[in-house]
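Derivation of every value follows stated rules applied to the coordinates shown; laboratory data play no part. Predicted model only: the values in this text are computed from it and were never measured. Note: ideal-geometry Cβ built from the backbone for every residue, glycine included; neighbour counts use all protein chains shown.
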Protein chains: 2
Amino acid sequence: MSQPSVINIGICGLGTVGQGVWKHLARSRAALESRLGVRLKLHRASVRDLRKARAVRVPASRLTTDPLAVATDPAVQIVCELIGGTGVAREVTLAALRLGKTVVSANKALLCAHGPEIFAAARKNGGHFFFEASVAGGIPIIKALREGLVANRFGLIYGILNGTCNYILTRMEREGLGYAEILADAKRLGYAEADESLDVEGWDTAHKAGILAFLAHGAWVPTRAMLVEGITRITQTDLQFAREHGFAIKLLAVITRDFASDELFVRVHPTLLPLSKVLANVNDVYNGISVTGDVVGETTYIGRGAGQDATASAVISDIADAVILLNRGNSPLPAPVAQRCPLAPPERIRSRYYLRLDVRDRPGVLAQIATATARAGVSIADMVQRPSKHRNAATLLLTTHESNEQAIRATLARFRRLSNVLGEPLLLRIFAS
Amino acid sequence: MSQPSVINIGICGLGTVGQGVWKHLARSRAALESRLGVRLKLHRASVRDLRKARAVRVPASRLTTDPLAVATDPAVQIVCELIGGTGVAREVTLAALRLGKTVVSANKALLCAHGPEIFAAARKNGGHFFFEASVAGGIPIIKALREGLVANRFGLIYGILNGTCNYILTRMEREGLGYAEILADAKRLGYAEADESLDVEGWDTAHKAGILAFLAHGAWVPTRAMLVEGITRITQTDLQFAREHGFAIKLLAVITRDFASDELFVRVHPTLLPLSKVLANVNDVYNGISVTGDVVGETTYIGRGAGQDATASAVISDIADAVILLNRGNSPLPAPVAQRCPLAPPERIRSRYYLRLDVRDRPGVLAQIATATARAGVSIADMVQRPSKHRNAATLLLTTHESNEQAIRATLARFRRLSNVLGEPLLLRIFAS
């Protein structure tokens, strides 16, 4: 038998994920080599600081501070872009793809912002771009959508895609503490970034929703065209109301396709999810995704959505797929077929809603609220009044029958004009499948 | 651009699954062709009876009663073996593979019984054998284990793999009715076969467990070497006891690998599964699989395990993968690396146990039971006495602390020698992860 060929791997960025890939690739190399019939070599890695101590031991001769030198090294066939962000990461990715190399990426922000440019560069130069680690960490959801469920059209995909938000909501629910308190603790424990806004405001989830929408529907939806809301205003009052009414509150990405009109809806918001749904019981840092296909029905995928090891598992599976491709003459992979699916304006979303608002505790206020709601064309399903933390005030919690975003926004506009409504009401959506 | 090549597909067996594949392939052909860059042609199909009416319309010119003629037709590149069983199905599969064709199969019994022969025939002649539909219907679990989680070693895989059993147990639990009554209804509704034994005795689950064990550990475990028990003796008494103690009863396949000794355990039995586990809440005909990898942690997959549409979804995904391979020069796919993992004897399984036994309602009997258990080296955790349906008898329900199969079997042997024990006690295992 001839000598097995050597595949050289370059890693740009030896942070948490990069070190995880290095560590697990080194550990499982023999098994992977035997399975894939090649020799795998961790050829080179780029770091920001050569002198920094790292948990994985990398010979100094293999380190550089120049990620572009790794990405364009003629010996490197597979480039792992694990730098993150959309600056250097984009340069590195495009430089490697322009040389016909294969890029493996965990970078959802880059993909969401520059997907078409990246795939065009890969196609034009005969390289490939793999991104299993960009959504839901170690859960092979990209592969499931792209390959395993290829016979299906996807009417509904929804999921918990951000581990930080799920961790915060789970602990708030479990421990009865406030958002700020749990967030501070999550930061201390390393479950939230120093700047948490990308996670808690919903943007990280929106990036991942954009990638899933592309895989399922062949269209890139910019985050600015999505409805995106975060979890920062959720309180114990909301969690308790939800629980008493048979719901958990989860930050969900919801991607729906109406096959009659062909319209695509992509949105991210905290949602009252019935406890009977599997995903309502997916807690802590776990992610979960429900995919309904017109042939297969509903399928559900659950696992750790982030962290060094889960992400490394996904990156290494992409490396293995890339090796198989390279070994086979590197012909193009099938890509999602670009589809004409008009993006529906958020105003057209239909849902049941939950509203929490503080009002002055005065005669006639309840009637004002009920009238404002009715005039906006929204029908109340359930209303309770609770003591407010403000003096001479009450908190109203209400749910509506099915309505739409336009009507509910008109309701909120009416509330804002009432002097008896104190501050900005909180609006949450209630999941219906 | 050159004309896209034509891939001819032959279907052996136009039963429920075969018709589903024909129907959905015809419907989604344009999308698949555009994605894969080929033309797909449903070239030929074999049936048992040419005159039988079918839900899908197939031109008479494309039908034959000879499955081997389809499998060996020089024009056919991909053969779908959807006949089932291990007779004609094996002939058809091997005939196609010997001609270097690619076979797509939903046949778990065949694969479990003849896996090594089938893969050897594929390897020798440059063909491929795909089997996503053989385990858990439309859930892409084969792809997840083989590709998505390739970086992992699997300490624990467990799952609900038989929809008929899960349907029966779910309805017994929900409606408070007996096994026989629900089984009869399941047959009437088409959720159970006329001969239900393969399902309810655990053999169908064992076939699937064998396939998962092969994918995860590279070793074929014959079903005769597994511990296999079915659900036929489960009663309302057991379900109620389980529920009161925080468990659901599910027929599970459990595949464990002890990385210290390298031993592999494969077993199938009804199990008391804590309600806190996601799979305890997977009901009706749904399947669910939990896969714990040493890198990724626990991942869970849920979906319909059988039925025309879910199975067709899996078969069509295999066809798409086969087309990509064929288009790319048909080089060999990586196979699980054969591993030396000694199969542990069932006696070595450690577990907590649940026992139900009818005893004569006499002074001293409880002491006899407690003594027999203690002498066999098993320690009782919990015991309750309930009225028995037999006269002058009582039903004892007990759980043990962690023990092992050898000790619990010795306990049962001691019970059998006691004249105060009526009939054969029921033994169930309690899940601990």
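Sorted from largest to smallest, which semi-axis lengths in Å does the alpha carbon gyration tensor of region A:347-430 give for its equivalent ellipsoid, taking the root of 5 times each eigenvalue? Write out the running numbers ahead of the final one.
Numbers: eigenvalues 89, 31, 24 Å².
Whole-Å semi-axes of the equivalent ellipsoid: 21, 12, 11.
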Relative to the longest principal axis of the C-alpha atoms of chain B, give the angle of the C-alpha long axis of helix B:365-375, reported between 0 and 90° and rounded to the nearest 10°. 60
Between helix B:16-36 and chain B: long-axis angle, C-alpha atoms, 0 to 90°, nearest 10: 50
Highest-fluctuation residue, A:Pro387, A:Pro346, A:Pro140 considered, GNM on chain A with Cα pairs under 10 Å: A:Pro387
Taking every other residue with Cβ under 12 Å from the Cβ of A:Asn125 and scoring Lys and Arg +1, Asp and Glu -1, one gets +4
Rounding to the nearest 20 debye, state how big the charge dipole of the protein assembly as shown is about its Cα centre with +1 on each Lys and Arg Cβ and -1 on each Asp and Glu Cβ. 540
Over all Cα pairs of region A:289-392, the Kirkwood radius sets Rh, and Rg/Rh then becomes 1.24
Have a look at region A:1-78 and give its Rg and Dmax from the Cα atoms, expressed in angstrom. 13.0, 43
Averaged over peptide B:18-28, how many Cβ atoms belonging to another chain are found within 10 Å of each residue's Cβ? 2
Taking the alpha-carbon distance from B:Lys101 and a cut-off under 20 Å, which lysines remain once sequence neighbours fewer than 8 residues away in the same chain are dropped? B:Lys41, B:Lys124
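When a footprinting reagent is the concern and you count Cβ atoms within 10 Å, what order do A:Ser28, B:Ser34, B:Ser105 take, fewest first?
B:Ser34, A:Ser28, B:Ser105
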From fewest to most C-beta neighbours within 10 Å, the residues B:Asp294, A:Asp262 line up as A:Asp262, B:Asp294
For peptide B:30-36, compute the average count of partner chain beta-carbon atoms within 10 Å of each residue's beta-carbon. 4
Inter-copy label distances at B:Pro222 (7 Å, Cα→Cβ; nm, one decimal): 6.5
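One quarter of the convex hull surface, Cα atoms only: what value does that give for chain A in nm²? Please list the in-between numbers first.
Working: hull surface 91.2 nm².
Over every viewing direction, the Cα hull of chain A projects on average to 22.8 nm².
Can you sort A:Cys341, B:Cys80, A:Cys165, A:Cys112 so the residue with the fewest Cβ neighbours within 10 Å comes first? Kindly include the intermediate steps, with their values, before the conclusion.
Details: A:Cys341 18, B:Cys80 34, A:Cys165 28, A:Cys112 24.
Listing A:Cys341, B:Cys80, A:Cys165, A:Cys112 from fewest to most nearby Cβ atoms yields A:Cys341, A:Cys112, A:Cys165, B:Cys80.
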Ordered by number, the trypsin sites (Lys or Arg not before Pro) in region B:327-390 that occupy a DSSP loop and have at most 12 other Cβ atoms within 10 Å are B:Arg340, B:Lys389
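Counting Lys and Arg as +1 and Asp and Glu as -1, each charge on the Cβ, what is the dipole of chain A about the Cα centre in debye, to the nearest 20? Walk me through the numbers before you get to the answer.
Numbers: 52 positive and 38 negative charges, 95 e Å.
Using only the charged Cβ atoms, the result is roughly 460 debye.
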In region B:290-363, taking the dipole from +1 charges on Lys and Arg beta carbons and -1 charges on Asp and Glu beta carbons about the Cα centre, the listed residue (B:Ile324, B:Pro345, B:Ala312) farthest towards the positive end is B:Pro345
Copies of A:Gln385 compared via label points 7 Å along Cα→Cβ give distances in nm, shortest first, of 5.8
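Before anything else, pin down the relative contact order of chain A: Cα pairs under 8 Å, at least 6 apart, normalised by residue count, whole percent.
Numbers: 885 pairs, mean separation 67.8, N = 433.
Averaging sequence separation for qualifying contacts and normalising by length gives 16 percent for chain A.
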Copies compared at A:Ala413 - label distances in nm, ascending, label defined 7 Å from Cα in the Cβ direction: 8.2
Between the Cα axis of helix A:163-175 and the main Cα principal axis of chain A, the angle (0 to 90°, nearest 10) is 40
Spelling out what I want: for every residue of region B:137-148, take phi, set θ = phi - 60°, compute 6.51 cos²θ - 1.76 cosθ + 1.60 (Karplus), and round to whole Hz; glycine and proline get x. x, x, 6, x, 7, 5, 4, 4, 5, 7, 10, x
Mind checking which of A:Val268, A:Leu215, A:Ile168 is farthest towards the positive end of region A:141-304's charge dipole, using Cβ charges of +1 (Lys, Arg) and -1 (Asp, Glu) about the Cα centre? A:Leu215
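Where does chain A land at 222 nm, in deg cm²/dmol rounded to the nearest 500, when only DSSP H runs of n ≥ 4 count, each adding -39500 (n - 2.57), divided by all residues? Write down the numbers at each step before the final one.
On the way: 12 runs with 149 residues, N = 433.
Mean residue ellipticity, 222 nm, calculated: -11000 deg cm²/dmol.
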Of all chymotrypsin sites (Phe, Trp or Tyr not before Pro) in region B:220-289, which ones are in loop regions per DSSP and have a Cβ with at most 15 other Cβ atoms within 10 Å? B:Phe259
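What's the average, rounded to a whole number, of partner chain beta-carbon atoms within 10 Å of each residue's beta-carbon in A:287-300?
Working: counts 1, 3, 0, 2, 1, 1, 5, 5, 15, 16, 10, 5, 13, 9.
Across the residues of A:287-300, the mean count of other-chain Cβ atoms within 10 Å is 6.
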Quick check for me: using +1 on Lys/Arg Cβ and -1 on Asp/Glu Cβ, what's the dipole size of region B:347-430 about its Cα centre, in debye to the nearest 20? 160
